[in-house]
Amino acid sequence: MPGRLISRKRSHKGKMSRSILQKPRQKSNHSLIHSEDAISPASFLKNHYFAYLLAALFSLLLPIILYHYRTLDNNALCRWPWVFADGPPLKSWALLLIITLVAFFLASRSWPKNKPVFLFLSALIIGVSLWGEPEIIMDASRYFTQAKYLEVNGISAFWHGWGNELSAWTDLPLVPFIYGLVLTVFGETRIFIQALTTLFFVGSVWFTYLLARDLWDEETGLLAGLLLLCYPYLLLNIPLMMVDLPTMFFMVLTVYTFCLALQTDTPLPILAAALAIFCTFWAKYSTWILLSILPVIFLVYYKSDPQKTRRRAFYTITITLVLILPLVISLWEVINDQIRLLLDYQRPGLQKWSEGFISTFFFQIHPLVTLSALFGTWIALRKKDRKFIIPLYLIMVLVLVLQVKRIRYLMPIFPMLAITAAYGLRQLADQRLQRFLMLSTLGAALILTFGSYLPFTGQLSAANLKNGGRFLDTISPTSIAIYTVPQKAKDVNLKINVPILDLFTQKKLYLLSDPAEQSPEVNQTSSFRFSWEQDLPDFYDPLPARPANGPDPLVIISSGPLTKLPPLIREKMAGHRQVKSFNRSSGLFTYKTFVTIYYD
């Protein structure tokens, strides 16, 4: 029947055809999880033995295969050879076996009746459970510095100082501005930033569900939302003070609201779409390319009602330009310099910093998502389903056309990949098999995230900043002196860690420097270049002389043993009776961050 994804056939005896590609009948659900019909799991397994056997083998053997070929994973953050350096995760595999059995029995139950609430709670629980993760990406230093600048100096100073007194590197101001508002309203505590980033993640899952639901049906929407939970790399980014996750949220919000705006004459969806496009535009430079999806969406809906679609698109884009252009004009000098930096430095650097597609789509994303997306694409092309172009377009642009091989830059299209995968998984006529694959995949992704990735991040030297900051909150002085050991130009400038340490403590930090210290010549092609070119704002300047109440505690941030320290620092070290060291290291990286605290 036209307009339906899959048909349902019955024989003369009234028995349902068992075609694997039939669409099942929609049932109403009356409890959170309850039996869909009278067929027991044992009876169902008997009738669908081969399909379930393949699905179970896929779930259980896949981690073993991936572990065997783990050297193919070259992810820069959680590479499998690093994560599993101590050997095969036998406990995780045993847990996966249990999860697979549980998934089989749960598959005989229907999905919850209130699917949006189910997705919301699932995403929220997962996000909050990851809040113990340290800040493992040094770029967070920039975003915290920019946000704190707004908190300390106000909104007006933030916009006037952006790219001048306030280092902007290649960042756009929207996400740091939002972070700054959070610090201003709720205080300088990391948990409020994590609450915000978790809401960005939950919102991404929510709008992925809504977009897939409106394109096809609610079941596809639910699967899309759940599949977005099956990206271990993405889950690891939830608690981090970065811009990639908020950018992903604004991107899927833009696609959803623009689709909505083209189908209604009411002003609210049009205004919402304009605001969403505005936010996406100012989130990250890479989204400017992704906004090319707007004319694609326009063409998809154009045939249904050309005149109304043109009018709605015109209103949306006009409002968007009115919002965007004044800010572009006021920041044009900064934007122009940043674009030159992107073209001269970052674009060539992508070749050195690249990660393979196998790493991204089979190790950092559960392979079922990738395989289902390929299957869904094949089905959509055969059916000539033009709505499928909407989620497929961005994947084609970044993966096939631009060949972007850096997973962080692919994060904005993760919801689109989940939608294409949901479309593929939805083709299975057997809803129990759908649920079994979905639940076992989700279980495997969560086991990898919580059983391997999260403990791995706790072993990294970045955890020393988190632990050191928390320790500082246990001692009485309110002001803390910081000294960072000088490094060579090819290495990271350790001063970049001061804002990250500041994120984990309520103390007032100020930076000490040796007058005789000279900065090395910056390596213009180094991936750590921003750490040398970013100037710390004046709120980290040394405090004025105060009445002697004893010396402030001293924190030394280093990447190795404390040797060849200047006399000023050695004198301050000698003035304290106690020492606390945080020197955890995985031993996998040359760049390390050690924290040593001298206090009384």
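Applying the Karplus relation 6.51 cos²θ - 1.76 cosθ + 1.60 with θ = phi - 60° to segment 264-280 yields 3J(HN,Hα) values of 9, 9, 6, x, 4, x, 5, 5, 4, 5, 4, 5, 5, 4, 4, 5, 5 Hz, where x marks Gly and Pro. Near F594, the amide H atoms lying under 5 Å from its own belong to S558, S559, G560; only residues 5 or more places off or on other chains count, and H is placed 1.01 Å from N. Return the subset of K91/K352; K91/K490; K352/K564; K113/K308; K507/K572 for which the Cα-Cα distance in this structure is over 29 Å, preserving the input order. In this structure, K91/K352; K91/K490; K352/K564; K113/K308 exceed 29 Å between Cα atoms.
Would you calculate, for the chain, the mean residue ellipticity at 222 nm contributed by helices, counting each DSSP H stretch of 4 or more residues as -39,500 (n - 2.57) and dividing by all residues, to the nearest 500? Each step should come with its number before you reach the end.
Working: 28 runs with 320 residues, N = 600.
-16500 deg cm²/dmol, from helical runs alone.
Can you tell me the orientation of helix 306-330 relative to the chain, as the angle in degrees between its alpha-carbon axis and the longest Cα principal axis, to the nearest 10? With both axes taken from Cα atoms, the answer is about 0 degrees. Other residues lying with their Cβ under 10 Å from the Cβ of V300 contribute a combined charge of +3, Lys and Arg counting +1, Asp and Glu -1.
With both residues required to sit in the chain, DSSP beta bridges show an antiparallel share near 55%.
Suppose we look only past 23 Å in the calculated P(r) of segment 114-241. What percent of the Cα-Cα pairs does that tail hold? Value for segment 114-241: 42 percent of Cα pairs lie more than 23 Å apart. Could you compute the net charge surrounding T184? Neighbours are other residues with a C-beta less than 13 Å from the C-beta of T184; K and R count +1, D and E count -1. For residues surrounding T184, the net value is -1. For segment 586-600, the residues whose backbone nitrogen is under 20 Å from a point 7 Å from the Cα of L562, taken along Cα to Cβ, are 592-600.
Pulled fully out, how much extra length does the chain show between I324 and Q524, if you take 0.36 nm times their separation in residues and subtract their Cα-Cα distance? Could the numbers behind the result be given before it?
On the way: separation 200, 0.36 × 200 = 72.00 nm, distance 3.19 nm.
Roughly 68.8 nm would be gained on extension.
Helix 431-448 against the longest principal axis of the chain: what's the angle in degrees, Cα atoms only, rounded to the nearest 10? The angle comes out near 10 degrees. Taking trypsin sites (Lys or Arg not before Pro) across segment 310-406, the ones in a DSSP loop with at most 13 further Cβ atoms lying within 10 angstrom of their Cβ are K384. Given +1 at the Cβ of Lys and Arg, -1 at the Cβ of Asp and Glu and no other charges, the dipole of the chain around its Cα centre is 2960 debye to the nearest 20. Magnitude of the charge dipole for segment 370-480, about its Cα centre and with charges confined to Cβ atoms of Lys, Arg (+1) and Asp, Glu (-1), is about 460 debye. Spin-label model, D214 to K352: label points 7 Å out along the Cα-to-beta-carbon direction sit 4.3 nm apart.
Compute the long axis of helix 115-129 from its Cα atoms, compare it with the longest principal axis of the Cα atoms of the chain, and write down the angle in degrees, 0 to 90, nearest 10. That helix lies at roughly 30 degrees to the long axis.
Quick one: grab the alpha carbon gyration tensor of segment 208-323, order the square roots of its eigenvalues as a ≥ b ≥ c, and give me rounded if a/c is under 1.5, else prolate or oblate depending on whether a/b is larger than b/c.
Details: a/c = 2.44, a/b = 1.38, b/c = 1.77.
Here segment 208-323 falls in the oblate category.
Extending 7 Å from Cα along the Cβ direction at H576 and again at I125 yields two label points whose distance is 4.3 nm. Spacing of the modelled spin labels on I191 and T266, each 7 Å from Cα toward Cβ, amounts to 3.8 nm. Once the Kirkwood radius over Cα pairs is known for segment 163-236, the Stokes-Einstein relation at 10 °C and 1.306 mPa s delivers a diffusion coefficient of 109 µm²/s. Here the Karplus relation 6.51 cos²θ - 1.76 cosθ + 1.60, evaluated at θ = phi - 60°, turns the backbone of segment 376-392 into coupling constants of x, 5, 4, 5, 5, 5, 5, 7, 6, 7, 5, 5, 5, 4, 4, x, 6 Hz, with x for every Gly and Pro. On full extension, the segment bounded by F50 and L343 gains 100.1 nm, given 0.36 nm per residue less the C-alpha separation.
Taking segment 406-540 on its own, what percent of its Cα-Cα pair distances exceed 17 Å? More than 17 Å apart: 75 percent of the Cα pairs in segment 406-540.
Within segment 463-599, DSSP assigns beta bridges of which about 55% are antiparallel (rounded to the nearest 5).
The numbers here are math on the coordinates, done by the rules we state, and not lab data. Quick caveat, the model's predicted, so the values are computed rather than measured. As a convention, Cβ positions derive from the backbone with ideal geometry for all residues, glycine included, and neighbour counts pool all protein chains shown.
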